[in-house]
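Notes to accompany the following structure.
A short reminder: the numbers here are calculations on the coordinates, not readings from a lab. A quick note: this is a predicted structure, and the numbers were derived from the prediction, not measured. For neighbour counting, all protein chains shown are included, and Cβ atoms are generated from backbone atoms with ideal geometry for every residue, glycine included.
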Amino acid sequence: MSDCLFCKIAAGEIPSDCVYSDELVYAFNDIDPQAPRHFLVIPREHIRSCAEVSAENSAVVAHIFEVIAKLAAELGFKDGFRVVSNCGASAGQSVEHLHFHVLSGRDMTWPPG
Ligand code: AMP
Ligand code: ZN
């Protein structure tokens, strides 16, 4: 999608701090980290949010979770980590391209705000 920030980041048109890249997904450090480690994993395909995941596009979501598990192991997140996807304005979604926050390096509280 031509006017989407994360499509542009995945395409390399806007600079980002890459954590992982393959033909299906891209991961990069969050510009406003909420934990000592905080990166985002996105599909290269433009999917607006969790609400638009369907039988046609869910394979990439499975792949994203495989990538998250691999990165968590490689980065030594042995004390735990959190995966968050905000869906919709009231949940705090500010960029309308599906993304999974991965946060680690501090204790997390529950419930989230
Ligand atoms: P959300 O608010 O759940 O939609 O998450 C969007 C995230 O994107 C926020 O945590 C922002 O800090 C992050 N973000 C926005 N612009 C950039 C950027 N250019 N590079 C990296 N992260 C960004
Ligand atoms: Zn997009």
Quick one: G76 ticks every box in (1) assigned to a loop (DSSP other than H, G, I, E, B); (2) crowded, with 17+ Cβ neighbours inside 10 Å; (3) more than 16 Å from ligand 1 (Cβ to nearest atom) except a single one, so which number is it?
(2)
Count of the range 46-56 residues which are part of a loop (DSSP other than H, G, I, E, B) and within 13 Å of ligand 2 (Cβ to nearest atom)
4
Can you name every residue in the range 1-32 that is touching a residue at least 60 places away in the same chain (Cβ under 8 Å), within 11 Å of ligand 1 (Cβ to nearest atom) and assigned to a loop (DSSP other than H, G, I, E, B)?
D30
Considering only the range 33-42, how many residues are assigned to a strand (DSSP E or B) and out of contact with any Leu (no Cβ under 6 Å at 6 or more places or on another chain)?
5
